[in-house]
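Heads up: the structure comes next, in structure tokens.
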Amino acid sequence: MATSRAEQKRLESLSPFELKNSLIELANDNVKLEAVTMLNAGRGNPNWIATEPREAFFLLGRFGIEESRRDWDEWDGVGGMPAKAGIAQRYRAFLQANRNEPGASLLQRSFDYGVKKLKFDPDAYAWELADGVIGDHYPEPDRMLSHMERVVHAYLVQAMCGGKAPKQPFDLYAVEGGTAAMCYLFDSALINGILNKGDTIAIMTPIFTPYLEIPHLERYQFDVVELKASRFDSEGFHTWQYDPSELDKLADPKVKALFLVNPSNPPSVALSPESRAHIKRITETSNPGLTVITDDVYGTFVDGFESLMSTVPKNTIGVYSFSKYFGCTGWRLGVIAVNRDNIFEGKLAKLPAKRKAQLNERYSSITLEPEKLKFIDRLVADSRQVALNHTAGLSLPQQIQMGLFALFDLLDEQRTYQETCQTIIARRMHALVKGMGVKLPKDPHAAHYYVELDLMNYAERYVSPEFASWLAQNFEPVDPVFRLAEKGSVVLLNGGGFDGPEWSVRVSLANLRYESYQDIGKWLREIMEDYYAEFEKTSGGTSARKAVGAKKAVATKAAATKAPAAKSEATKFEATKSTATKAAATKKAAAKRAPVKKAVAKAPVKKAATATAKKAPAKKPTAKKSTARKTTARKTTAKKAPAKAGSKR
Ligand SMILES: Cc1ncc(COP(=O)(O)O)c(C=O)c1O
């Protein structure tokens, strides 16, 4: 190993996103030495984009420029500002004249949708589109353009609320992605006394690392209670769901806020309806003042997804980002949603008089009635230090592109785009498990954007407790990710860094081509084989005999669940989507093929990297890291990860 255990231990205190940079360094060396293509499967950036809404945006841009020239065309290279009068008629004529251009159909349908379904005034709507796309005004209203807000609202109802409109609408604030949403929310919650320094907050883990790190910053110093996704199914597989006893921690009114990512990151599993109902009961009984901040970036990857925004709208602040689903991380598009019927205005009204007076003073430059300023409008003002409220808001072209993404999905009645995205991911999942020679159970709550592979649980359960404790004693939990980087040039993130199981790894299924996942699966398998070979050398016969027994069962199960390799790509995918049912049908026949794997050393890998490794009966042999990860500056040079070339995505 190029990286000593002591060095690994030192690096373990970093966020996985920073540790990744060290791994990339190793992997790059490997590329140089061995000409192996580096596979950075740690990244959550998707490698696909939604094309049609972008085509619509660019075509709309041409209309915006035409309107600008129409207003003022005296100077070369200079235009005026689109005029509202008669613009709807001109827009229709433009769309008719360009009806064969890429994006024209979506623009036409989007316009009809706004006018007919949302009852927009045609001129006002067309003007917002034309003026917004060329970006010739400061955002007005600053929170969000009014037509785009209605459009995105409709999208959120469809995508985040299982199609059920809330009793009261959400107010939306368009922001620069989920990243900005988080910054603004932590900030304003503290400024406005929704949360106070030192408060007790709950975090559902495993979780996206900023939610673990921000609460410990000096200005917050929150007392963090973790709710762990500790559930296993009847076969002992991780479900990444929460026991009622974990959720009951929220019943204590001392817990002021709950932060969650739903579907989670890394496990990528949506909260079950039972858990949502449980949280709802708690907010209706013992802890009505609980603030819920839910980050639902991955919701669109689960059919019929319903967020806590929909289940407990009064208590919830919703964060949604367009980044992942539409492949637009570079656009920086997100929204914060606060229901009009919420607990936050009540909290502001109940603040101590002194605090209220201070806040009134703070916002007095932007309204004559600061005490009536809604929480969401305070968020907008705070995002620009109040003093720059008049230039606040997300850039208008960004808002227009956001609206077009939303319209594109709203108008996709056959759900073609969503299915395509899900298919892309499912095929990669298929390739990964094929490489590993394992199967993952079907879970309707799974988004599969990432998969969290629990290596230690497998070692304990499927090989032997001796093998597991040998691993724990001799290696750091991050050792597998270092081995992968050094040996296979694969960069994964360590799941322990997300406060998931220490020996788990996160594989993003979003950012590499199909073939790469086969390689990752294969390399993961080899890593486990290497461990096992080392273990055999040091431990002698007893453990080996146990492992032989384990091997048989594992090999049989693995072979039984193998997807039919000889089929066409399309059929392969079919097989992946219905692995659970197909596996049952082929189990008998495949069981006959099971003894194919002979070497004992090969045994563990048949289940080694399963994302849903069996529940470990023994207690974890490694010490759990605290959530208070060191957040000191730690920039290293991140190099670009070239995706492996190949025809299939
Ligand atoms: C849960 C979660 N929230 C927010 C973000 C950041 O998203 P954005 O690109 O919208 O800033 C990510 C990115 O990985 C994420 O996983």
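Would region 492-514 turn up any residue that is farther than 26 Å from Thr209 by Cα, under 23 Å from the mean Cα position of the chain (by Cα) and in a helix (DSSP H, G or I)? Yes, some residue in region 492-514 is farther than 26 Å from Thr209 by Cα, under 23 Å from the mean Cα position of the chain (by Cα) and in a helix (DSSP H, G or I).
Can you tell me which condition Tyr173 does not meet? The list is (1) buried (at least 22 other Cβ atoms within 10 Å of the Cβ); (2) more than 23 Å from the chain's Cα centre (by Cα), and all the others hold. Status for Tyr173: all satisfied but (2).
Of the residues making up region 482-490, at least one is assigned to a loop (DSSP other than H, G, I, E, B), modelled with pLDDT under 90 and assigned by TED's automatic domain parsing to the domain that holds Tyr531. Filtering Ser245, Ser234, Ser230 for residues that are more than 16 Å from the ligand (Cβ to nearest atom), outside any loop (DSSP other than H, G, I, E, B) and surrounded by fewer than 17 Cβ atoms within 10 Å (Cβ to Cβ) leaves a single hit, Ser245. Is it the case that some residue within region 82-96 is surrounded by fewer than 15 Cβ atoms within 10 Å (Cβ to Cβ) and within 31 Å of the chain's Cα centre (by Cα)? No: region 82-96 contains no residue that is surrounded by fewer than 15 Cβ atoms within 10 Å (Cβ to Cβ) and within 31 Å of the chain's Cα centre (by Cα). One residue stands out in region 177-208 among those that are near the ligand (Cβ under 9 Å from one of its atoms) and in contact with a Phe, Trp or Tyr (Cβ under 9 Å, 6 or more places away or on another chain): the one that is nearest to Ile282 (Cα to Cα), namely Ile207. If only residues of region 301-346 that are over 24 Å from Pro266 (Cβ atoms) and charged (D, E, K, R) are counted, the one that is surrounded by the fewest Cβ atoms within 10 Å (Cβ to Cβ) is Asp341. For region 248-285, a residue qualifies if it is part of a strand (DSSP E or B) and either touching a Cys at 6+ places or on another chain (Cβ under 7 Å) or β-branched (Val, Ile, Thr) (or both), and the qualifying residues are Val255, Val261, Val269.
So that you can scan it fast, the table gives a plain yes or no per residue for (1) outside the structural domain of Glu502 (by TED's automatic domain parsing); (2) within 24 Å of Asp443 (Cβ to Cβ); (3) in contact with an Asp or Glu (Cβ under 9 Å, 6 or more places away or on another chain):
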{"residue": "Met204", "(1), (2), (3)": "yes, yes, yes"}
{"residue": "Pro215", "(1), (2), (3)": "yes, no, yes"}
{"residue": "Gly236", "(1), (2), (3)": "yes, yes, no"}
{"residue": "Glu246", "(1), (2), (3)": "yes, yes, yes"}
{"residue": "Leu258", "(1), (2), (3)": "yes, yes, no"}
{"residue": "Asn262", "(1), (2), (3)": "yes, yes, yes"}
{"residue": "Asn265", "(1), (2), (3)": "yes, yes, yes"}
{"residue": "Lys280", "(1), (2), (3)": "yes, yes, no"}
{"residue": "Ser286", "(1), (2), (3)": "yes, no, yes"}
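As a summary of the residue check, Ala485 satisfies the conditions (1) within 30 Å of Leu407 (Cβ to Cβ); (2) in contact (Cβ under 8 Å) with a residue 60 or more places away in the chain except for the one numbered (1). The conditions of being surrounded by fewer than 21 Cβ atoms within 10 Å (Cβ to Cβ), aliphatic (A, V, I, L, M) and either in contact with a Leu (Cβ under 9 Å, 6 or more places away or on another chain) or not assigned by TED's automatic domain parsing to the domain that holds Arg506 (or both) are met by Ala251. The set of residues in region 140-183 that are touching a His at 6+ places or on another chain (Cβ under 8 Å) and of a type in the set (A, V, I, L, M) contains only Leu172. Residues that are more than 16 Å from the ligand (Cβ to nearest atom), in contact with an Asp or Glu (Cβ under 7 Å, 6 or more places away or on another chain) and over 24 Å from Arg340 (Cα atoms): does region 121-134 have at least one? Yes, the conditions are met somewhere in region 121-134.
If you scan region 527-547, which residues turn out to be surrounded by fewer than 20 Cβ atoms within 10 Å (Cβ to Cβ), modelled with pLDDT under 90 and either within 20 Å of Ser504 (Cα to Cα) or within 39 Å of the chain's Cα centre (by Cα) (or both)? Of everything in region 527-547, just one residue is surrounded by fewer than 20 Cβ atoms within 10 Å (Cβ to Cβ), modelled with pLDDT under 90 and either within 20 Å of Ser504 (Cα to Cα) or within 39 Å of the chain's Cα centre (by Cα) (or both), namely Glu529. Only residues that are among the acidic types (Asp, Glu) and buried (at least 17 other Cβ atoms within 10 Å of the Cβ) were counted in region 102-135, giving 3. Condition check: over 23 Å from Ser508 (Cα atoms), surrounded by 16 or more Cβ atoms within 10 Å (Cβ to Cβ) and assigned by TED's automatic domain parsing to the domain that holds Ser310. Does Pro397 satisfy that? The answer is yes for Pro397. Condition check: away from the ligand (no atom under 13 Å from the Cβ), out of contact with any Lys or Arg (no Cβ under 9 Å at 6 or more places or on another chain), in a loop (DSSP other than H, G, I, E, B) and on the phi > 0 side of the Ramachandran plot. Does Gly304 satisfy that? Yes; evaluated as a whole, the condition is true for this residue. Taken over region 309-365, the residue count meeting the criterion of being of a type in the set (D, E, K, R) and within 16 Å of the ligand (Cβ to nearest atom) is 2. Can Ser286 be described as among the hydroxyl-bearing types (Ser, Thr, Tyr), more than 20 Å from Pro166 (Cβ to Cβ) and within 16 Å of the ligand (Cβ to nearest atom)? Criteria not met by Ser286.
The values are calculated or read from the model by the stated rules, or taken from the named source; none is laboratory data. These numbers were taken from a predicted model, which means no experiment stands behind them. Please note: Cβ atoms are built from the backbone with ideal geometry, for glycine as well, and neighbour counts cover all protein chains shown.
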